[in-house]
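Visitor: Questions regarding the structure given below will be posed in turn.
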Amino acid sequence: MLLFLQNPGNVVDKEEDKPLTIVETVLPADGITLTLDDGSVIRLDEQANGIISQGTGVAIKKTSDAQLVYEGTRSSKNLSGQTEKEILNTIRIPNGKQFRLTLPDGTRVWLNTASTFTYPVVFGAKERKVTLEGEAYFEVAEDKERPFFVSAHDTKIAVTGTHFNVSAYSTDRSVITTLLEGGVNIMKNASVAKITPGYQGITREGNDEITQYKANIENTMAWYN
């Protein structure tokens, strides 16, 4: 399936004239759900063609070629120049399924089984923030003016343009960040650790310490490969 989120119209930044996001997965998308900002839940495998949701200035259409298109007039800023309330969407992946998506800035995300991923329909002007529970591999689009942050439980990962994997299943009681390319800073309360390619940083529940180890890239990325 190809989930194509079209730019919702009159925007301020030129970047926002491009499609907001593309989400790809192999059909059928059994059990994969998209939750809108108003709490509405859409099962991607149960939708007929046409408009499946309207609200917050955006219409979501399912087309005959297995796409979801976001259309509307919503801007990331209102007429006074102030940033509007962030509009969030959430993808939930059931057991045994995987999913891929491209965020508004061009960042590509591969979601592993039993994962939940929350992201804004339009990123803000100063930073890009997403939230993960489960496991995901990121290829972050470079944007020096807007750092990219991944929140996973009580851990925050800051990047500017890099390839990395985050495993943050609640049952593991830890967050494991494995860096393949670029650089990331892992933050937990007052602790900060800079990770270099080929290594992983680990934070554990109830402990602010950030430990680093040489990563077994092949094992870590087996689910993705």
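The values are calculated or read from the model by the stated rules, or taken from the named source; none is laboratory data. What you see is a predicted model, and the numbers here were worked out from it, not measured in a lab. Virtual Cβ from ideal backbone geometry, glycine too; neighbours counted across all protein chains shown. Ligands, DNA and RNA are excluded from the accessible area calculation, which covers all protein heavy atoms including side chains. Shrake-Rupley method; radii C 1.70, N 1.55, O 1.52, S 1.80 Å.
Visitor: How do 163-173, 133-143 rank on mean C-beta neighbours within 10 Å, highest first?
Guide: 133-143, 163-173
Visitor: Hey, another quick one. Ignoring ligands, DNA and RNA, what percent of the accessible area of the stretch 93-149 is carbon or sulfur (1.4 Å)? Walk me through the numbers on the way to the answer.
Guide: Values: 960 of 2230 Å².
The C+S portion of the solvent-accessible surface of the stretch 93-149 is 43 percent.
Visitor: Probe radius 1.4 Å, ligands and nucleic acids ignored: give me the carbon and sulfur share of the accessible area of the stretch 156-201 as a rounded percent.
Guide: The nonpolar share, carbon plus sulfur, comes to 49 percent.
Visitor: Distance from the Cα centre of the stretch 184-225 to that of the stretch 132-176, in angstrom?
Guide: 10
Visitor: Within the stretch 120-157, which trypsin sites (Lys or Arg not before Pro) sit in a loop by DSSP and count at most 11 neighbouring Cβ atoms inside 10 Å?
Guide: K126, K144
Visitor: Sorting check: for 108-118, 202-212, 41-51, which peptide has the highest mean count of neighbouring beta carbons within 10 Å, and how do the rest follow?
Guide: The densest-packed peptide leads the list: 108-118, 202-212, 41-51.
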